[in-house]
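Undergrad: Could you have a look at this structure, given as structure tokens, before my questions?
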Amino acid sequence: MPEIKKNYVQFIYNGAADRVYIVGDFNNWKKEPLFQLQENKWVIEKEFPLNARFDYKFLVDGKLILDPLNPNKTEGGFGFNSELRMPHFHYPKATEYHQDIPHGIIKKYTINDTDYFNYKRDIYLYIPYGVKRKKLPLIIFQDGLEYILFGSAKNTMDYLIYRKEIPPMYGLFVDIRKVNRVKEYSFNSKYSNLLMSIIKDIAEREKLKFTEKYLSGVSLGGFVSVVLLMKYPDVFKGAVSQSGAFHFRKNTDFGSLNGKIIYMDNGRYETKVNNSLNIAQLNKIYRKKFIENGARVIYKKWNDGHSWGNWKAHLPQALKMLLK
């Protein structure tokens, strides 16, 4: 494990190498050199808030590796990273699997999307425990499969519904091909039309009726969730945007957000995502714009970075605050 004393962390790498660097959420994945303390021992000391959490790796002679001394790791869309958990950081109980509570089910559908993006797309429907065709709220997750696998969304919904911290509700997880992500999660009428047709199709297949409808997404998925909320103000009541990668057009009219609920959060360390995108600054700017146009905004900032560990840890609070 990294050696932690109060706010200070020593990252240590033991092994023969010419150069050792550390990259992670805390430096926007830009390499920082470790100091060679003695033969085959490298170290760097850093200071972090006591409740921080980060993904990171070592770069040893040009090869990215997990920290051999740290058993904690977290998975995301690009594989596993080592995970630093400062002393006051703990994942909420909702993110864990609890054997002793009732569990909802997930049904998988594959649709042949010939009308919009011309590929087969997987859709996952979460049905809470004990529900028999009841009329319930619906929340739609962009990056659907990743929200299930890496964001612990099913565990979170099972636990919060069981604890009556959110109402029983359906979840619709819409998957996407990574190569299409930038194209679809934008001002793309094809994607919005596709999503509306998926909602209608699932309701007809399962004979379901929905009350309020919400949206949720991370990064570009958070951005497009707000775009859809603006485009269909009569359909959606609110949205969760985790680390929203907002890139609205100039002179965008946000008037349709009046009265809508938006939960938005980001990590303090998201200042240079993908080499240039200042997610923290963008969220500050657009939080103000949303409020000025009448949206009810709940905003949180975490000592974390642009990763699924961040979004998983804070999804329970996002859902509770959105649905409060």
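The values are calculated or read from the model by the stated rules, or taken from the named source; none is laboratory data. Quick caveat: nothing in here was measured; it's all calculated off a predicted structure. Don't worry about glycine lacking a Cβ; one is built from the backbone with ideal geometry, like all the others, and counts go over all protein chains shown.
Undergrad: Would you say LYS73 is assigned by TED's automatic domain parsing to the domain that holds GLY24 and without any contact (Cβ under 8 Å) to a residue 12 or more places away in the chain? Spell out how you get there, then give the answer.
TA: Values: assigned by TED's automatic domain parsing to the domain that holds GLY24: yes; without any contact (Cβ under 8 Å) to a residue 12 or more places away in the chain: yes.
Yes; evaluated as a whole, the condition is true for this residue.
Undergrad: Among GLU83, GLU47, which is at pLDDT 95 or above and surrounded by fewer than 17 Cβ atoms within 10 Å (Cβ to Cβ)? Explain how you work it out, then say what you get.
TA: Details: GLU83 fails: surrounded by fewer than 17 Cβ atoms within 10 Å (Cβ to Cβ).
Step by step, each of GLU83, GLU47 is checked, and only GLU47 is at pLDDT 95 or above and surrounded by fewer than 17 Cβ atoms within 10 Å (Cβ to Cβ).
Undergrad: For region 26-34, state whether one or more residues are at pLDDT 95 or above, part of a strand (DSSP E or B), farther than 28 Å from PHE150 by Cβ and more than 28 Å from the chain's Cα centre (by Cα).
TA: Checking region 26-34: at least one residue is at pLDDT 95 or above, part of a strand (DSSP E or B), farther than 28 Å from PHE150 by Cβ and more than 28 Å from the chain's Cα centre (by Cα).
Undergrad: Can you tell me which residue is farthest from ARG85 (Cα to Cα) among those in region 270-309 that are part of a loop (DSSP other than H, G, I, E, B), over 15 Å from the mean Cα position of the chain (by Cα) and among the hydroxyl-bearing types (Ser, Thr, Tyr)?
TA: It comes out as SER276.
Undergrad: Collect the residues in region 97-140 that are closer than 18 Å to PRO316 by Cα and in a strand (DSSP E or B), keeping them in residue-number order.
TA: TYR126, ILE127, PRO137, LEU138, ILE139, ILE140
Undergrad: Of the conditions (1) modelled with pLDDT of 95 or more; (2) aliphatic (A, V, I, L, M); (3) in contact with a strand residue (DSSP E or B) (Cβ under 7 Å, 6 or more places away or on another chain), LEU208 satisfies every one except a single condition; which number is it?
TA: That leaves (1) as the condition not met.
Undergrad: Has region 50-66 got at least one residue that is surrounded by 13 or more Cβ atoms within 10 Å (Cβ to Cβ), free of Cβ contacts under 8 Å to residues at least 40 places away in the same chain, part of a loop (DSSP other than H, G, I, E, B) and not β-branched (Val, Ile, Thr)?
TA: yes
Undergrad: Sticking with this structure for a sec: In region 254-284, what residues are surrounded by fewer than 22 Cβ atoms within 10 Å (Cβ to Cβ) and over 24 Å from LYS237 (Cβ atoms)?
TA: ARG268, THR271, LYS272, ASN274, ASN275, SER276, LEU277, ASN278, ALA280, GLN281, LYS284
Undergrad: How many of the residues in region 240-269 are in contact (Cβ under 8 Å) with a residue 60 or more places away in the chain and small (Gly, Ala, Ser)?
TA: 2
Quick grid of which residues meet (1) closer than 16 Å to PRO102 by Cβ; (2) buried (at least 17 other Cβ atoms within 10 Å of the Cβ):
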site	(1), (2)
GLY130	yes, no
ARG133	no, no
ILE140	no, yes
ASP143	no, yes
TYR147	no, yes
LYS154	yes, yes
MET157	yes, yes
PRO168	yes, yes
GLY171	yes, yes
